[in-house]
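Coordinate-derived values only; no laboratory data. Remember, predicted model here, so these are calculated numbers, not experimental data. Note that each Cβ is placed from the backbone with ideal geometry, even for glycine, and that neighbours are counted across all protein chains shown.
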Amino acid sequence: MRKSRMFLAAAVVAVTLSGGLFAASRNDAADAAIGGITWQDEFNGAAGSPVDGAKWKFDTGGSGFGNNELQYYTTSTSNVQQDGQGHLAITARKENPANYQCHYGTCQYTSGRILTADKFSQTYGRFEASIKVPKGQGIWPAFWMLGGNNWPTTGEIDIMENVGKEPNTVYGTVHGPGYNGAGGIGGNRTIGAPLSDAFHTYGVEWSPNLIQWFLDGQEYFRVDPSKINGNQWVFDHNFFMILNVAVGGNWPGSPDGSTQFPQTMLVDWVRVAGYTSGGGSTTPPPATTGTALKSNLNGRCLDIPGGNASDGVRVQMWDCNGLTPQKWAFQSDGTLRGMGKCLDPAGGALTNGTPLQIVNCNGNPVQRWTLSGAGDLVNLSANKCVDIVDNNAANSARLQLWDCAGTPNQKWTRA
């Protein structure tokens, strides 16, 4: 049985965003790299039919799943079924039809928890679902992901969580070593009506060193390695998806006299899109793998001149040759490294025209980068792009920071 979220929301390190503090749209240069659909379930089965066993499996039991939850998760279509109207229905019921035993004694509730473990997992991309959440004190629906069995070392990405006592608020969170449980790093958005009133689209867009959360297509939170307080970034490997409705637990508290049962979460669809890096359609290499970064302007590669790895050496463009001075690796701390040094804006400046150099990695947030799906190589602190000065297509062309403009001299692919 997989470890669940050790999550006490009241103590979560959270950023409350009502209007979108980061003010980033899906066309932001630092946005995740989105390609075609790689996995989907539209739940078009007959009424009362089970979920597709080729796509989903079940977690079962009444262990509390690390949060003192009260339900027993079953495989019954009473708890998990397709409704014949194009929806998945996960229903929490106040019942115990088979004398189920829970961590606190005889179980009082049943519900469902399905996951794509051993069926489908992916590194990076867009993970999204259209969901109408249930409601009521003590009800806890979730759409989330795990990176493996060794929680929190393998990481957790919570795409959507809602608790009945906060009917208008969606939470998005990451957990990893040193920021697990109550110390998870997350944000939330509160809207003007209960989320249970209608279907809403919940999603994340995930690329190297960047995860963004969306509610109905609007970003409300983002996290990169600088946000995890010096802890390890563990989001550069495959994750699988989970859908469940919990009852009770440390965060939502127990149901009370106001809670009506049954309560059903309806899921219209779940869709996953792939990550692309500058036009490619495959998942990029792991963060520790050095690869060349080729310009779309001239087909030349980001290069450390003469293999000189001294501090302050300015990077350049040069004919791609596959040698070490052209091998660059995105690291779990957000840095982009070549020959053991970090790509760095000279002087720590984040203004247009700042030259780019290599220096010793020093933990300064200005040394954090991501390669977006649009092929932009973005400095996360400046939200500016790596730019070939004056569109120079020749060898020895210089590089700088500049406002992202979508032009060929700012487009990159891994070679």
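Observations on the model:
- Within the straight-line cut-off of under 17 Å between alpha carbons, the lysines reachable from Lys327 are Lys294, Lys341, sequence neighbours fewer than 8 places apart in one chain being disregarded.
- Kirkwood-based Rg to Rh ratio, the range 293-414, C-alpha trace: 0.91
- When +1 charges are put on Lys and Arg Cβ atoms and -1 charges on Asp and Glu Cβ atoms, the dipole computed for the range 9-273 relative to its Cα centre reaches about 280 debye.
- Computed E for Asn395/Asp311 - FRET, C-beta separation, R0 25 angstrom, nearest 0.05: 0.60
- Positive end of the dipole of the range 9-273 (Cβ unit charges, origin at the Cα centre): among Pro97, Tyr73, Trp151, the Cα lying farthest that way belongs to Pro97.
- Alpha carbon Rg of the range 62-120, scaled by the compact-globule rule 2.2 N^0.38 Å: 1.21
- Gained length - Ala54 relative to Asn360, 0.36 nm times residue gap less alpha-carbon distance: 105.3 nm
- Distance in nm between pseudo-label sites at Asn383 and Leu350 (7 Å out along the Cβ direction from Cα): 1.0 nm
- Distance between the range 336-415 and the range 211-242 - C-alpha centres, whole angstrom: 22 Å
- Here the range 293-414 is treated with +1 on each Lys and Arg Cβ and -1 on each Asp and Glu Cβ, and its dipole about the Cα centre works out to around 220 debye.
- Among Arg222, Arg126, Arg271, residue whose mean-square fluctuation peaks in a GNM of the chain (springs only between Cα atoms under 10 Å): Arg271
- Anchor Lys165: lysines whose Cα lies under 25 Å away (excluding residues fewer than 8 positions away in-chain): Lys3, Lys94, Lys132, Lys135
- Positive-end residue of Tyr202, Gln40, Gly322, charge dipole of the chain with Cβ unit charges: Gly322
- Cα pair distances in the chain, grouped into 20 Å bins until the bin that holds the longest one, percent each: 27, 50, 20, 2
- Neighbour counts of other Cβ atoms within 10 Å put Phe240, Phe43, Phe330 in the fewest-to-most order Phe240, Phe43, Phe330.
- Evaluating 6.51 cos²θ - 1.76 cosθ + 1.60 at θ = phi - 60° for every residue in the range 230-247, the Karplus couplings come out as x, 7, 7, 7, 10, 10, 10, 8, 5, 10, 10, 9, 9, 10, 7, 10, 8, 10 Hz, glycine and proline recorded as x.
- Across Thr259, Thr74, Thr173, mean-square fluctuation computed from a Gaussian network of the chain (C-alpha pairs under 10 Å connected) peaks at Thr259.
- Most positive-pole-ward Cα, Phe58, Pro252, Trp369, against dipole of the chain from beta carbon charges: Trp369
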